[in-house]
Amino acid sequence: TDALLSAYGKLRSAVTELRLPMRQLSAPDNLKAFSASSSNEDIGVAVDSTKANRGTYNVDVTSLASAQALASNAVFDDRDSTSVGQGTLTLNVGDNTANITIDNSNDSLQGLANAINDSDTGVSAGVIDTGNGFQLVLSADETGTANAVSISVSGDNSGTDTDNLGLSRFAFSAGMDVGAGLQETIAATDAVMQINGVEITRSTNSFEDVIDGLTFDISGTGISTVR
């Protein structure tokens with residue numbers, strides 16, 4: 001009898017221990033949990049299994065997001081002493097705008113680059129030595145067409161604000177004549193993909209909330225099956 005009672009107690013204890021994991025496994029969120037995989041390593045996918053639903057998606061990435069880059073057409077003999085012209089540059093990058101004054105204190109290529117960086121408008125400037133002189137280079141800090149750069153000039157002391165002399169050599173806007181102002185060396189682009197034939201655009205190479213629970217991080221164009 002004692003042996004039967006002991007065996008019964010052990011069985012009852014084992015059944016009790018099974019109840020908790022069984023309840024956890026049967027919970028709706030846990031029954032729903034699953035992973036996702038991509039057939040193309042350039043099209044990464046992460047899954048939040050509490051939000052995602054099972055499915056198969058055909059993904060076609062046709063464009064990556066890139067940050068705009070600009071460079072001066074003009075080449076300068078010295079980065080610290082050659083005058084770039086004086087006046088005011090107005091920088092527009094996305095929703096950010098800044099007026100940058102170039103005067104006797106910073107009238108050089110390096111002084112201009114420093115002033116642009118200090119403006120904190122979302123564009124970074126530097127000076128490169130080409131071997132045949134120095135050029136100003138700029139790049140948007142963020143990718144996408146929404147973060148493209150435009151630059152206008154006012155009060156140019158070396159001519160007019162648009163004659164491509166003095167400070168107007170650093171003006172830039174989409175559609176400017178080639179050779180005037182800054183040149184665009186890399187165009188700002190958006191990331192574009194089609195999911196089951198539906199086109200989606202983002203300013204970065206991360207696509208969140210396109211499909212509930214799935215995040216796509218892309219590093220190359222191409223086709224993938226995600227399941």
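The values are calculated or read from the model by the stated rules, or taken from the named source; none is laboratory data. Fair warning: this is a prediction, and the values are worked out from it, not measured in the lab. Note that each Cβ is placed from the backbone with ideal geometry, even for glycine, and that neighbours are counted across all protein chains shown. Accessible surface is based on the protein model in full, side chains and every heavy atom, while ligands, DNA and RNA are left aside. Shrake-Rupley method; radii C 1.70, N 1.55, O 1.52, S 1.80 Å.
Using +1 on the beta carbon of Lys and Arg, -1 on that of Asp and Glu, and nothing else charged, what's the dipole of the chain about the Cα centre, debye to 20? Intermediate results must be reported in sequence, preceding the final value.
Working: 11 positive and 29 negative charges, 358 e Å.
Using only the charged Cβ atoms, the result is roughly 1720 debye.
Which FRET efficiency, nearest 0.05, do Ser158 and Ile186 yield, Cβ-Cβ r, R0 25 Å?
0.30
Around Ser124, what is the net charge, scoring Lys/Arg as +1 and Asp/Glu as -1 over all other residues with Cβ under 14 Å from its Cβ?
With Lys, Arg at +1 and Asp, Glu at -1, the neighbours total -4.
Quote the charge dipole size of region 27-142 about the Cα centre in Debye, to the nearest 20; the model charges only the Cβ of Lys and Arg (+1) and of Asp and Glu (-1).
Computed charge dipole of region 27-142: roughly 600 debye.
Pop a pseudo-label 7 angstrom from the Cα along the beta-carbon direction at both Lys51 and Asp118 and give the gap in nm to one decimal.
4.3
Highest mean first, what order results for 125-133, 78-86, 63-71 on Cβ atoms within 10 Å?
Numbers: 125-133: 12.8, 78-86: 16.4, 63-71: 19.1.
Final packing ranking: 63-71, 78-86, 125-133.
Can you give the accessible area per residue of the chain, in Å², using a 1.4 Å probe?
Working: 12600 Å² over 227 residues.
Result: 55 Å² per residue.
Report which label in (i) 1.70; (ii) 1.20; (iii) 1.13 holds the value of Cα Rg over 2.2 N^0.38 Å derived from the coordinates of this structure.
It is the one labelled (i).
Counting each DSSP H run of 4 or more residues in the chain as -39500 (n - 2.57), what helix-only mean residue ellipticity at 222 nm follows after dividing by all residues, to the nearest 500 deg cm²/dmol?
Values: 3 runs with 40 residues, N = 227.
Dividing the helical sum by the residues of the chain leaves -5500 deg cm²/dmol.
Could you give the length gained by full extension between Asn96 and Ala174, i.e. 0.36 nm per residue of separation minus their alpha carbon distance, to one decimal place?
Value of the extension gain: 26.4 nm.
For helix 109-118, what angle does its Cα long axis make with the longest principal axis of the chain, in degrees from 0 to 90 and rounded to 10?
40
Suppose each label sits 7 Å from its Cα in the direction of the beta carbon; what would the Ser219-Ser139 distance come out to in nanometres?
1.7
For region 44-194, what does the relative contact order come out to in percent, with C-alpha contacts under 8 Å and a separation of six or more? Don't skip to the answer; put the middle values down first.
Working: 342 pairs, mean separation 51.7, N = 151.
It rounds to 34 percent for region 44-194.
What full-extension length gain, to one decimal in nm, is calculated for Arg227 and Ile200 as 0.36 nm per residue of separation minus the Cα-Cα distance? Walk me through the numbers before you get to the answer.
Numbers: separation 27, 0.36 × 27 = 9.72 nm, distance 1.87 nm.
Between Arg227 and Ile200, full extension yields an extra 7.9 nm.
Could you please report the charge total around Thr145, scoring K, R as +1 and D, E as -1 over all other residues with beta-carbon less than 14 angstrom from its beta-carbon?
-3
Between Val75 and Ser39, with labels modelled 7 Å along Cα→Cβ, what's the label distance in nm to one decimal, could you check?
Label at Val75, label at Ser39, 5.0 nm between them.
Which order, highest average first, do 51-61, 215-225 follow once you tally other Cβ atoms within 10 Å for each residue and take the mean per peptide?
Per-residue Cβ counts within 10 Å, averaged per peptide and sorted highest first, yield 215-225, 51-61.
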